Amino acid sequence: MHRKWRMRKNREFAWVFRKGKGVGGKYFTLVYLRARDQVHIGFSVSKKVGGAVVRNRVKRRLRECVRQEVERVPVGYRLIFVPKPEAATADFLQLRQAVRAQMQKAGAL
């Protein structure tokens, strides 16, 4: 995923978590917020998902799933993906379908 879409600052994450809405699913929760500027996407993986290796694998897989869909997201969305422990055992195809479904529920596709 390109750098211009990444959410990096803690205050951005806090703002989206505070003001945004959540859409739950089997593998992750998607927290989203409509804003005025470009699309920003972040990932917040807790230790409940697993150790460092597992958390990084889940992030890499989610990043790739989102990268394939990010061009279709309307301008102004802030999205944070919060994986659940089930995401660690899901295969790539399941995660990709879940990403697409959750983004459609949020109105981001």
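For the chain, the mean residue ellipticity at 222 nm estimated from helices alone is -12500 deg cm²/dmol, where every DSSP H run of n ≥ 4 contributes -39500 (n - 2.57) and the total is divided by all residues, rounded to the nearest 500. Compared with the direct C-alpha span, the chain from R18 to K47 gains 8.3 nm at full extension, assuming 0.36 nm per residue. Compare G25, G51, G42 in a GNM of the chain, Cα atoms joined below 10 Å, and give the one with the largest fluctuation. Most flexible of the set in this elastic network: G51. Label-to-label distance for R34 and E64 is 3.4 nm, based on points extended 7 Å past Cα in the beta-carbon direction. Calculate log10 I(q)/I(0) of the chain for q = 0.11, 0.18, 0.20 Å⁻¹, where I(q) comes from the Debye formula with a single equal point scatterer on each Cα and nothing for solvent. Log-scaled intensity ratios, in q order: -0.29, -0.82, -1.03.
So, with +1 on the Cβ of K and R and -1 on the Cβ of D and E, and no other charges, what is the size of the charge dipole of the chain about its Cα centre, to the nearest 20 debye?
Details: 27 positive and 7 negative charges, 77 e Å.
The calculation lands at about 380 debye.
Relative contact order, whole percent, for the chain stands at 36, derived from Cα pairs under 8 Å and 6 or more residues apart.
Readers should treat all values here as calculations from the given coordinates under stated rules, not as data from a laboratory. This structure is a prediction, so every number in the text was calculated from the model and none was measured. When we count neighbours, we look across all protein chains shown, and the Cβ atoms used for this are built from the backbone with ideal geometry, even at glycine.
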